[in-house]
1. Suppose the filter is of a type in the set (G, A, S), on the phi > 0 side of the Ramachandran plot and at pLDDT below 95; does G41 pass it?
2. Can you pull out every residue in region 14-36 that is open to solvent by less than 60 Å² (accessible area, probe 1.4 Å) and either in a loop (DSSP other than H, G, I, E, B) or in contact (Cβ under 8 Å) with a residue 40 or more places away in the chain (or both)?
Amino acid sequence: MKVLNIVSLLVLILGGLNWLVVGLFEYDVVSEVFDGSDSVGAKIVYIIVGLAALYSLSFFSKVSAEE
C-alpha cells in the first residue's frame with residue numbers, strides 16, 4: 001500500500017507540474033509528447049492523473065488522524 005501511495009503522489013506532482021507549465025507558458029507537455037491532447041496516449045495519461053487524484057482523497061483521513 002505504501003508503494004501505491006508514493007506512486008499516486010508522484011503522478012499528482014507530475015500532473016500538477018504539467019498544469020503549472022500550461023498556466024504559465026500555455027504549453028501542455030503531455031499533449032506535446034503524445035501529438036495532441038485528443039490522442040489515446042494523452043487521454044490515458046490524463047485518466048491516470050485523475051485516478052491518482054481520486055485515490056489521494058483517502059490521504060485526508062490519514063493526515064487528520066495524525067493530529
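1. No; evaluated as a whole, the condition is false for this residue.
2. Of everything in region 14-36, those that are open to solvent by less than 60 Å² (accessible area, probe 1.4 Å) and either in a loop (DSSP other than H, G, I, E, B) or in contact (Cβ under 8 Å) with a residue 40 or more places away in the chain (or both) turn out to be D28, G36.
The values are calculated or read from the model by the stated rules, or taken from the named source; none is laboratory data. Since the model is a prediction, treat every value here as computed from it, not as a measurement. Using ideal geometry, Cβ is built from the backbone for each residue, glycine included, and neighbour counts are taken over all protein chains shown. For accessibility, only protein heavy atoms count, side chains too; no ligands or nucleic acids. Shrake-Rupley method; radii C 1.70, N 1.55, O 1.52, S 1.80 Å.
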